[in-house]
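Read the figures in this text as sums done on the coordinates, not as results from a lab. Everything numeric in this text was worked out from a predicted model, so none of it was measured. All Cβ positions, glycine included, derive from the backbone under ideal geometry; neighbour counts span all protein chains shown.
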Amino acid sequence: MTLKLIYGSNKPKAYRAKKGEAEQWVCAICEQNEGIATSAVVTITQSPMERAGKLEGGIKTQVCLHCLMRGLVTPV
Ligand SMILES: [Zn+2]
């Protein structure tokens, strides 16, 4: 399986929340490709390092779970 990295899909939809309220994140790529706006994410660590057999460092980020299952990596 080939993973494809997609940036710029994390724009929240302003019409879903009132001003000052939390917005539900939905994946624009899922909505575009599948017609369904989803909001399941998993946390991954980009570029982790290793010291004495243990991982450290790296950047924690969230990606869309549904995109990941389709072979796409869509950062939130
Ligand atoms: Zn997605």
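Scanning segment 20-42 for residues that are hydrophobic (A, V, I, L, M, F, W, C) and not in a helix (DSSP H, G or I) turns up 22, 25, 26, 27, 36, 37, 40, 41, 42. A Cβ distance below 8 Å, combined with a sequence gap of six or more or placement on separate chains, defines the contacts here; from segment 28-44, residues that are under 14 Å from residue 68 (Cα atoms) reach residues that are hydroxyl-bearing (Ser, Thr, Tyr) and assigned to a strand (DSSP E or B) in the pairs 43/61; 44/61. Of the residues making up segment 22-32, not one is near the ligand (Cβ under 8 Å from one of its atoms) and more than 15 Å from the chain's Cα centre (by Cα). Listed by first and then second residue, the pairs with beta-carbon distance under 9 Å, at least 6 apart or on different chains, first residue in segment 49-70 and within 30 Å of residue 39 (Cβ to Cβ) and hydroxyl-bearing (Ser, Thr, Tyr), second within 16 Å of the ligand (Cβ to nearest atom) and assigned to a loop (DSSP other than H, G, I, E, B), are 61/76.
In segment 43-76, what residues are assigned to a strand (DSSP E or B), within 16 Å of the ligand (Cβ to nearest atom) and loosely packed, with under 13 Cβ neighbours inside 10 Å? Give the steps one after another, and end with the answer.
The first filter runs over segment 43-76 and keeps only residues assigned to a strand (DSSP E or B), leaving 43-46, 49-51, 54-56, 59-64, 72-73, 75.
Applying the additional criterion that residues be within 16 Å of the ligand (Cβ to nearest atom) yields 43-44, 61-64, 72-73, 75.
Result: 43, single match.
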